[in-house]
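The values are calculated or read from the model by the stated rules, or taken from the named source; none is laboratory data. None of the values given here were measured: they were computed from a predicted structure. Cβ: placed from backbone, ideal geometry, glycine included. Neighbour counts: every protein chain shown.
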Amino acid sequence: MIDSHTHFIPEQVQQWIEENKTLINAKWIKKNEQTTLLSINDKWAFPLNENFTRTQSFTAAYSSFRKALVSPVPQLFLYDQPVDVTSELVQVYNDALVHLKAKDATFEGLATLSLQSPEQAAKELEQAIQQGLKGAIVGPGFGERTLADSFFDPLFEAANATQAVLFVHPLLHSDPRLNHSKLPNLIGVPWETTIAAANLIVQGVLDRYPNITFLLAHGGGFLPYQIGRMSKGFQSWENEFAKLQRTPLEYAASFYYDSVLWDERTLDYLLEIAGKNQVIPGSDFPFELNDWKIDQHKLNQTPSFL
Ligand SMILES: [Zn+2]
């Protein structure tokens, strides 16, 4: 069984962070005896437990043996760094995933990209695909640009030509109204995916680049739940959406979704909206809110892109 949503920090990447800690403002913050947080540029600190850094953890964590599609952790996207810094880490990260895959067939990998420079990201994606990775993990955009912005066209051209997987994975949302308890994670994370996915639909990106496999994290955020509102809007404001080739439901059924939803009823709803073929097992291991308890057997275990 494939786990499509896991995160990993290879040893080479840990070394790079250590060597460049001043440059990228990396801090290891000891919270208590058991827990050390890793913070990059004072944002999105997370508990750096050994499950992030030991490949053995991935197969030992759950009783059912799994094949894992591993991705870099979003905290290390480094989109706010100068491109030469980001691209250096991208190279180290992607090479390490290529090496991991070659060494152990349990793993498939998704590259990280210098998303703040779509031309550079396109080159990195092409190289990653040539080296056997399935595609890349990307944030929901860069700054105020969502992924649907024409700024990203060079990357999408490359992804379309190579039939790459783009795993849209959010970072924490920074709306000050969410600045309470864990709301940036609880609500902000799925909201970021919702913004990216809705823009990919209404700005026609899915029509322009039909060969890209978009995989949405955490069951697509809130998009599936609001697909009725979108459908009604498309009917009511026909002219606004005249250039689009499909209905919201058809677009929703063209995305792939992981099953990181924590609730069987929500998963059943997603299966109904998107179709069984489009929902694949995922855990978000080893982040704190990972989940593998729901019934994975009703999902697509063997998506064609893997
Ligand atoms: Zn994740």
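Scanning region 108-165 for residues that are touching a helix residue (DSSP H, G or I) at 6+ places or on another chain (Cβ under 8 Å), more than 23 Å from A96 (Cβ to Cβ), of a type in the set (G, A, S) and assigned to a loop (DSSP other than H, G, I, E, B) gives a single hit, A148. Determine whether region 238-261 contains at least one residue that is touching a residue at least 60 places away in the same chain (Cβ under 8 Å) and within 14 Å of the ligand (Cβ to nearest atom). Checked region 238-261: at least one residue is touching a residue at least 60 places away in the same chain (Cβ under 8 Å) and within 14 Å of the ligand (Cβ to nearest atom). Of all the listed residues (A61, A105, A68, A45), the sole one being surrounded by fewer than 16 Cβ atoms within 10 Å (Cβ to Cβ), modelled with pLDDT under 95 and among the hydrophobic types (A, V, I, L, M, F, W, C) is A105. Does K232 count as more than 20 Å from the chain's Cα centre (by Cα), at pLDDT 95 or above and among the basic types (K, R)? In short, yes. Against the criterion of being under 27 Å from D268 (Cα atoms), free of Cβ contacts under 8 Å to residues at least 60 places away in the same chain and acidic (D, E), E144 does not qualify. So for region 299-306 (the condition being assigned to a loop (DSSP other than H, G, I, E, B), within 16 Å of the ligand (Cβ to nearest atom) and surrounded by 19 or more Cβ atoms within 10 Å (Cβ to Cβ)), does at least one residue qualify? Checked region 299-306: no residue is assigned to a loop (DSSP other than H, G, I, E, B), within 16 Å of the ligand (Cβ to nearest atom) and surrounded by 19 or more Cβ atoms within 10 Å (Cβ to Cβ). Looking only at region 5-33, count how many residues are part of a strand (DSSP E or B), over 15 Å from K101 (Cβ atoms) and within 16 Å of the ligand (Cβ to nearest atom). Total meeting the criteria: 2. The set of residues in region 238-265 being over 13 Å from L206 (Cβ atoms), in a loop (DSSP other than H, G, I, E, B) and in contact with a strand residue (DSSP E or B) (Cβ under 7 Å, 6 or more places away or on another chain) consists of S259, V260.
In this entry, F167 passes the filter for residues that are within 16 Å of the ligand (Cβ to nearest atom) and within 16 Å of the chain's Cα centre (by Cα).
For every residue, the table says whether it meets (1) surrounded by 21 or more Cβ atoms within 10 Å (Cβ to Cβ); (2) more than 12 Å from the chain's Cα centre (by Cα); (3) of a type in the set (A, V, I, L, M); (4) within 16 Å of the ligand (Cβ to nearest atom).
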{"position": "G143", "(1), (2), (3), (4)": "no, yes, no, no"}
{"position": "L147", "(1), (2), (3), (4)": "yes, yes, yes, no"}
{"position": "D153", "(1), (2), (3), (4)": "no, yes, no, no"}
{"position": "E157", "(1), (2), (3), (4)": "no, yes, no, no"}
{"position": "T162", "(1), (2), (3), (4)": "no, yes, no, no"}
{"position": "L172", "(1), (2), (3), (4)": "no, yes, yes, yes"}
{"position": "E192", "(1), (2), (3), (4)": "yes, no, no, yes"}
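For region 65-74, the condition holds for at least one residue, the condition being that it is among the charged types (D, E, K, R) and within 16 Å of the ligand (Cβ to nearest atom). Within region 212-237, if we keep just the residues that are within 16 Å of the ligand (Cβ to nearest atom) and in a helix (DSSP H, G or I), the residue that is surrounded by the most Cβ atoms within 10 Å (Cβ to Cβ) turns out to be G220. For region 184-207, filtering for residues that are under 13 Å from F241 (Cα atoms), in contact with a Lys or Arg (Cβ under 9 Å, 6 or more places away or on another chain) and assigned to a helix (DSSP H, G or I) leaves 2.
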